[in-house]
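Everything on this sheet refers to the single structure shown next.
A short reminder: the numbers here are calculations on the coordinates, not readings from a lab. Quick caveat, the model's predicted, so the values are computed rather than measured. Reconstructed Cβ throughout: ideal geometry from the backbone, glycine too, with neighbour counts over all protein chains shown.
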Amino acid sequence: MQVYRVGGAVRDRLLGLPVNDHDWVVVGTSTEQMLAAGYTAVGRDFPVFLHPQTGEEYALARTERKSAPGYRGFTLHADPGVTLEDDLARRDLTINAIAQAADGSLIDPFDGQRDLRAGVLRHVSSAFAEDPVRILRLARFAARWPHFSIAPETAALCVQMVAAGEADALVVERVWQELSRGLMEVQPSRMFAVLRDCGALVRLLPELDRLWGVPQPEKQHPEVDTGVHVMMVLDAAARLEASLPVRWACLVHDLGKGTTPRAEWPNHVAHELRGAQLADAVAERLRVPGDCSDMASLVVRQHGSIHKSQALDAAATLDLLERCDALRRPDRFEQALQACECDAHGRTGLEDAPYPQRERLSATLRAVLSVDASGAATEALASGAKGPEIGEAVRRARLAALSGQPGHADPPAHQSR
């Protein structure tokens with residue numbers, strides 16, 4: 001039995017990056033021998049085992065044969081006769097097809113080290129075309145390493161795969177898995193550039209793809225093109241090291257502009273409402289986790305109001321906080337403000353411009369939350385107030401707390417919703 005370290009652990013070590021996970025391939029053995037040695041089988045479809053001490057994954061060397069469309073359409077072959085090079089040949093990119101033996105020597109039959117030094121993402125063989133998930137992985141790696149180029153023959157192969165319908169065979173779970181990981185990379189816009197260049201984006205996210213070529217008012221958006229703007233917003237989120245829910249919200253915040261009638265360009269009246277419906281539909285189709293879809297729904301609906309919040313008086317500001325459910329979910333609101341700040345920075349020449357709305361609304365929320373709502377309600381009840389009158393008393397107390405905040409006028413005593 002021969003054991004080799006393979007894949008990302010070898011690649012990242014060569015790049016001088018931290019290695020968190022180790023993958024191992026085992027040559028010259030069988031399932032029965034692995035079980036007899038104390039390994040635990042965990043792969044339902046693949047011959048994968050957990051090491052009895054470390055818990056790390058060890059996979060038998062294997063080959064694949066395409067038997068049906070999509071990433072599940074493979075027949076696997078694993079036995080002691082499969083060589084290490086046979087196993088490496090089925091991998092996606094040359095930089096991921098390097099193995100390391102126990103003595104530290106490298107086995108690199110496809111010149112992955114050369115491509116690492118040159119900064120090139122290149123497919124190992126024509127077998128790349130048999131698995132559409134590899135298009136998504138390629139796009140994700142491009143977002144991780146923006147300085148890496150994609151080999152022309154690999155880019156051409158992706159175009160051929162999409163034209164052959166392979167992207168249509170992707171299951172939503174894998175699409176979301178790869179998209180969510182790519183969103184968290186250093187330059188997530190590059191993932192979508194790769195998908196768009198090969199034609200996969202229009203198959204996977206047509207709502208996003210249609211934003212390119214849609215103009216916006218140049219005064220507010222010097223970059224003009226909506227698709228360009230959204231990518232700038234997404235990269236602004238990466239610079240701020242925003243969470244996945246914030247980045248997803250940034251990605252889908254302007255989907256409604258893609259449905260604006262051409263005759264109404266470059267203005268996009270009521271795009272928030274149309275965008276909210278699209279964002280919700282995309283989240284349902286891709287089975288996006290609840291925290292991401294919830295954040296997107298809030299940001300899509302309210303980002304316009306948050307941008308304009310500097311002009312709001314105390315009552316209107318409190319209305320905005322209530323619409324955003326900020327009093328009950330302040331942490332979520334703070335994340336929504338970060339998404340809006342990214343939206344403001346996703347504009348040519350305004351990448352580092354101040355965004356005072358965020359601090360003003362954060363301070364406003366803190367002031368409102370400092371109000372003893374229970375005490376105000378108890379006091380109102382003691383004075384004979386009933387039903388809605390108690391709620392109005394709490395609201396007056398909150399408005400009074402805002403009167404000292406910058407930019408807020410003193411609220412009139414009779415102020416109501």
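Remarks
- Inverse of mean 1/r across different Cα pairs in region 206-370, Kirkwood, Å: 15.9
- Chain lengthening between Arg239 and Gln220 when straightened (0.36 nm per residue, less Cα-Cα): 4.7 nm
- Dipole orientation for the chain: of the candidates Val214, Val368, Gly391, Gly391 has the Cα lying most toward the positive pole (charges on Cβ; Lys, Arg +1; Asp, Glu -1).
- Per-residue ³J(HN,Hα) for region 123-129, Karplus 6.51 cos²θ - 1.76 cosθ + 1.60, θ = phi - 60°, Hz, x for Gly and Pro: 6, 6, 7, 5, 5, 3, 5
- Charge dipole (debye, nearest 20) of the chain; +1 at Cβ of Lys and Arg, -1 at Cβ of Asp and Glu: 600
- For the chain, built as a Gaussian network whose Cα springs stay under 10 Å, the top-fluctuating residue of Leu255, Leu183, Leu350: Leu350
- If the segment from Glu32 to Ser403 were pulled out straight at 0.36 nm per residue, it would be longer than the present Cα-Cα gap by 126.1 nm.
- Expected-Rg normalisation [2.2 N^0.38 Å, Cα atoms] applied to region 77-208: 1.09
- Label-zone membership for region 286-314, site Ala270, 7 angstrom Cα→C-beta point, backbone N under 19 Å: 300-305
- Projecting label points 7 angstrom from Cα along Cα→Cβ for Asp79 and Met1 puts them 2.0 nm apart.
- Summarising the label geometry, the points placed 7 Å from Cα in the beta-carbon direction at Glu392 and Arg329 lie 3.0 nm from one another.
- Relative contact order (percent, whole number), the chain, Cα cutoff 8 Å, 6+ residue spacing: 9
- Using the Cβ-Cβ distance between Glu56 and Val202 with R0 set to 45 Å, the FRET efficiency works out to roughly 0.70.
- In plain terms, the residue of Cys342, Cys250, Cys324 with the fewest other Cβ atoms within 10 Å comes first and the most crowded comes last, giving Cys324, Cys342, Cys250.
- The stretch between Asp86 and Arg285, if pulled fully straight at 0.36 nm per residue, gains 67.9 nm over its current Cα-Cα span.
- Take 96-108, 288-300 and order them by the average number of nearby Cβ atoms within 10 Å per residue, most first; the result is 288-300, 96-108.
- Helical segments meeting 15 Å axial Cα length and Kyte-Doolittle 0.5 threshold in the chain (DSSP H): 133-144, 152-163, 226-239
- Two-decimal log10 I(q)/I(0) for the chain, as the Debye equation yields it once each C-alpha is a single scatterer, q = 0.06, 0.07, 0.12 Å⁻¹: -0.35, -0.46, -1.00
- For the chain, cysteines whose Cβ has no other cysteine Cβ within reach (under 4.7 Å): Cys250, Cys292, Cys324, Cys340, Cys342
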